[in-house]
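What follows draws every value from the coordinates through simple rules; no lab data is involved. Fair warning: this is a prediction, and the values are worked out from it, not measured in the lab. Positions of Cβ are generated from backbone atoms using ideal geometry, with glycine treated the same way; all protein chains shown enter the neighbour counts.
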Amino acid sequence: MSSENHEMVSIYPFSDEKKEELLTKAGECTFNWTTKDGWAVGVIHAFVWAKGSGWITCGVHRHRVAAIRRDPRCSVVVSGAAAPNGPNGAITFKGRAIIHDDDETKEWFYPALAYGPYTRGGNESDMTDEERAAADDFVRRLNSPLRVIIEIVPEKWIMLDSEKMGKDTMGQLTDEERGPMLEADAKRMPDELKRRGLD
């Protein structure tokens, strides 16, 4: 049976397999942090999903580095639009940032970024010699003494599988595919409907 309230979206999470597919295929994300005066700020970043974490890189002198040293709580938003041939929808995860400045991390991360989804959708096997040379040059340019790598370790997930929502609209979503109703839909929405006299 389809959901009767189209404002209810927490019941459409990705399966573990689709979550992993979207994150792995995504070439970029929006990275969000909070400034010392309380403003929420986000920037688009080239992105690698590996080892159960999100990974980005920037110069150590950037404000976001100082911000997460002060408060490592942050979030990452990944859109299906950034994942070629991947699932349709979006994933946000809250987490804590860890700053890496060691050679071991740089050795695997820079090639992963240069050869991954950020360049040509991550199809390394069919890259031309010119494209491989460009990726290798990208690795060299990334390897700067001022650059650090930021790992975001997920703590909470917010997901929307647009395919599930579409199937539910057509009455084709099974109960097994439906996720548990989260607080926003289970409690806060009914309370708001009641407050507005719409229950």
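Details
- Checklist (1) in contact with a Lys or Arg (Cβ under 7 Å, 6 or more places away or on another chain); (2) surrounded by 13 or more Cβ atoms within 10 Å (Cβ to Cβ); (3) free of Cβ contacts under 8 Å to residues at least 40 places away in the same chain applied to N143, failing item: (2)
- Flag for T128 being farther than 23 Å from I44 by Cβ and either under 21 Å from the mean Cα position of the chain (by Cα) or among the hydroxyl-bearing types (S, T, Y) (or both): yes
- Considering residues of segment 19-38 that are in a loop (DSSP other than H, G, I, E, B) and within 16 Å of R62 (Cα to Cα) only, the residue nearest to the chain's Cα centre (by Cα): T35
- The residues listed here are I56, I91, I44; of these, the one that is part of a strand (DSSP E or B), of a type outside the set (D, E) and loosely packed, with under 14 Cβ neighbours inside 10 Å is I44.
- Flag if E107 is outside any helix (DSSP H, G or I), among the acidic types (D, E), within 23 Å of L23 (Cα to Cα) and more than 20 Å from the chain's Cα centre (by Cα): no
- E131 vs. criteria of a type outside the set (V, I, T), in contact with a helix residue (DSSP H, G or I) (Cβ under 7 Å, 6 or more places away or on another chain), surrounded by fewer than 16 Cβ atoms within 10 Å (Cβ to Cβ) and part of a helix (DSSP H, G or I): yes
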